[in-house]
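The values are calculated or read from the model by the stated rules, or taken from the named source; none is laboratory data. If you're wondering where the values come from, they're calculated on a predicted model, not measured in any experiment. Positions of Cβ are generated from backbone atoms using ideal geometry, with glycine treated the same way; all protein chains shown enter the neighbour counts.
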Amino acid sequence: MKLAVIVTEFPKTTETFILRDLMVFLEAGVDLRLYHLAPWRNDQILHDFGAEAGRCARHVPLVSPRSLAALAAHPLTAARLAGSIALHQGREAKFAAKSLALLPAAMRLGQELRDWGADHIHAEFAGHPATAAWIAHRVSGVPYSISCRAHDIFRSQRLLEQKFADAALVRAVSTYASRFLAEHVPGIRQQDVAVIHSSVDVSAITPSAPPPPEDGFRILYVGSLQQRKGVDVLLKALAGFDRPGWQLDIVGDGPDRAKLEALSAQLGLNDRVHFLGQRPFGEIDGFYRAASVCVAPSIIGPNGRTEGIPNVMIEALAYARPAISTNVSGIPELIRPGETGWLTEPGDVAGLTAALTEVHDAPEAASKLAWKGRALVEREFDLRVNARRQLELFAAARKGQAPQGARTVTP
């Protein structure tokens, strides 16, 4: 299969879930091209395990002689697409402007994929990558699919109806997201959406017992430092956490780092909170194994920006580490209170402090939940099962046999 995958940015340190899928596609013998709409991100880490996918990456420049030539070669198609964007997305000027800016480059991409003989186009995220796939499809006739994750569908639903109508397959990473699409996008029924979770390579992670209590209580946060991640809530919760010997490792970076460091100092936590910046995945393995508990205190950020199901929580349970997160989006499909972990309400400082206290005070009970979480990840979040299912659906779309009415949930 000749498969083109479209992303907005590459590499992106936090998007290991995409990188892992790409590696399974390559292992399966797929002839892969990875197109990124923004220039190569030199400030991000390309994890060692994804080096081969990096060699397949190609930038799609927004303006070039070839893109302008593609625009000129398909004036009626360009006019129809521009009109549809203006009509359906025009009230959101910023989104519409970006979509229109993509038009020449995506039309050029369509020509390139047609000439290459592409079998399928897959857009990672329903925003700009899906817009590019939709336009490229209109030029090339190559079938395409869309993965819907979180803020790409929650922030705005304008133009989704048009992109979904032409797609051979719409995939969501949670049942919550499939239900949201059915409720907010005309023409989409919940059964039209294939639910395939983001996944981890379960076979590559050997779970182990957490460190003994005498080694201290180590709390781990892995992820970007921005408002929707709720790291400020975690810091405030720790200000009221009165158990001795704890420390917090924050692995990741982002626009809110300076604010969070200032908050940590203001709360008097600096001697226990360690901001460690971005790290390659090989190092993150060690942080998971040293952790007593992993926390993803997600909230609903500005303009509806929030999580799908945080990959770091899937990883935490794969390592059999106690996990605490929030009742946001699809997270309860993974973190199930009293079954696989602890779930608090977003922004609930006292609730998060209480959950941390429970894990600290009853480590054996916490470990039992973590092992149940590992079993859930093995059943529903296994990379090789879920990536192969995607490939099956791509192949079916190629043959015109992937009706949207066949909803698939991972076993």
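Quick notes
- Pick from segment 1-27, criterion of a type in the set (Val, Ile, Thr) and touching a helix residue (DSSP H, G or I) at 6+ places or on another chain (Cβ under 7 Å), ranking: nearest to Asn386 (Cα to Cα): Val24
Table: residues versus (1) in contact with a strand residue (DSSP E or B) (Cβ under 8 Å, 6 or more places away or on another chain); (2) over 17 Å from Ala177 (Cβ atoms); (3) surrounded by 24 or more Cβ atoms within 10 Å (Cβ to Cβ).
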| position | (1), (2), (3) |
| --- | --- |
| Val293 | yes, yes, yes |
| Ile314 | yes, no, yes |
| Pro332 | yes, no, no |
| Arg336 | yes, yes, no |
| His360 | yes, yes, no |
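- Scanning segment 163-201 for residues that are farther than 24 Å from Ala132 by Cα, in a loop (DSSP other than H, G, I, E, B) and either of a type in the set (S, T, N, Q) or touching a Pro at 6+ places or on another chain (Cβ under 7 Å) (or both) yields one hit, Ser199.
- Test: residue in segment 286-302 that is without any contact (Cβ under 8 Å) to a residue 24 or more places away in the chain and out of contact with any helix residue (DSSP H, G or I) (no Cβ under 6 Å at 6 or more places or on another chain): yes
- Filtering segment 255-285 to residues that are crowded, with 20+ Cβ neighbours inside 10 Å, closer than 25 Å to Arg149 by Cβ and free of Cβ contacts under 8 Å to residues at least 60 places away in the same chain leaves only Leu260.
- Residues considered: Ile335, Ile324, Ile331, Ile309. Of these, the only one that is in contact with a His (Cβ under 8 Å, 6 or more places away or on another chain) and not assigned by TED's automatic domain parsing to the domain that holds Ser174 is Ile309.
- Residues in segment 1-55 that are in contact with a Leu (Cβ under 8 Å, 6 or more places away or on another chain), touching a residue at least 40 places away in the same chain (Cβ under 8 Å) and in a loop (DSSP other than H, G, I, E, B) were compared, and the one that is nearest to Ile284 (Cα to Cα) is His47.
- Test result for Ile250, under 23 Å from the mean Cα position of the chain (by Cα) and part of a loop (DSSP other than H, G, I, E, B): no
Residue-wise test of (1) under 23 Å from the mean Cα position of the chain (by Cα); (2) within 16 Å of Ile85 (Cα to Cα).
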residue	(1), (2)
Gln111	no, no
Ile121	yes, no
Trp134	yes, yes
Ser147	yes, no
Arg158	yes, yes
Val173	yes, no
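- Candidates Asp253, Asp242, filtered to the one that is farther than 19 Å from Ala362 by Cβ and among the charged types (D, E, K, R): Asp253
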